[in-house]
Amino acid sequence: MHVYPLDSKTKEGAPFWSLPKRPPTPAVFDQKNPLHRMFVTSLACLRATIFFVEIPSKNPRSEEFRIEVAASADFFKPQPFVPND
């Protein structure tokens, strides 16, 4: 969005964000959404495996573990994006 804002135009003067291109929209994390819980848990387990960190559960695919990880992830607030010049 920094390089191509919503109102940017092509060389011909047409809007850059016209079909089939769609501008990205931020996803809002919902810890009650099973797909969001699965994504966060899978990514956490993948990163733990890559960096040789022990996963603190005997069954990381259990729903209880996913709910626990999602609750932890819900507290995380990323820093606002600041583009480099």
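Averaging sequence separations of C-alpha pairs under 8 Å and six or more residues apart, then dividing by the length of the range 5-77, give the relative contact order as a whole percent. Normalised by residue count, the contact order of the range 5-77 is 26 percent. Electrostatic bookkeeping for L6 treats Lys and Arg as +1 and Asp and Glu as -1; over the other residues with beta carbon under 13 Å from its beta carbon, the sum is +2.
The chymotrypsin sites (Phe, Trp or Tyr not before Pro) found in the chain that occupy coil by DSSP, while having at most 12 further C-beta atoms within 10 Å, are F51, F52, F75, F76, F81.
Local charge for K32 was computed over the other residues whose Cβ lies under 15 Å away, with Lys and Arg +1 and Asp and Glu -1, and equals -3. Computed over protein heavy atoms with a 1.4 Å probe, the carbon and sulfur contribution to the accessible area of the chain reaches 63%. Loop-located trypsin sites (Lys or Arg not before Pro) across the chain with a Cβ neighbour count of 10 or fewer within 10 Å are K11, K21, K32, K58, with loop assigned by DSSP.
Excluding ligands, DNA and RNA, the accessible surface per residue across the range 1-42 is 87 Å² with a 1.4 Å probe. Charge tally around D74: other residues with Cβ under 13 Å, Lys/Arg +1 each, Asp/Glu -1 each, net +2.
Note on the chain: the C-alpha convex hull projects to 8.7 nm² when averaged across all orientations.
Using the Cβ-Cβ distance between F76 and K21 with R0 set to 25 Å, the FRET efficiency from 1/(1 + (r/R0)^6) comes to roughly 0.25. The C-alpha atoms of the chain define a longest principal axis, and helix 63-74 lies at about 50 degrees to it. The longest stretch of the chain left intact once loop-based GluC sites (Glu not before Pro) with at most 12 other Cβ atoms within 10 Å are removed from consideration, loops following DSSP, is 13-53.
The values are calculated or read from the model by the stated rules, or taken from the named source; none is laboratory data. Just so you know, these numbers come straight off a predicted model, no measurement behind them. Cβ: placed from backbone, ideal geometry, glycine included. Neighbour counts: every protein chain shown. For accessibility, only protein heavy atoms count, side chains too; no ligands or nucleic acids. Shrake-Rupley method; radii C 1.70, N 1.55, O 1.52, S 1.80 Å.
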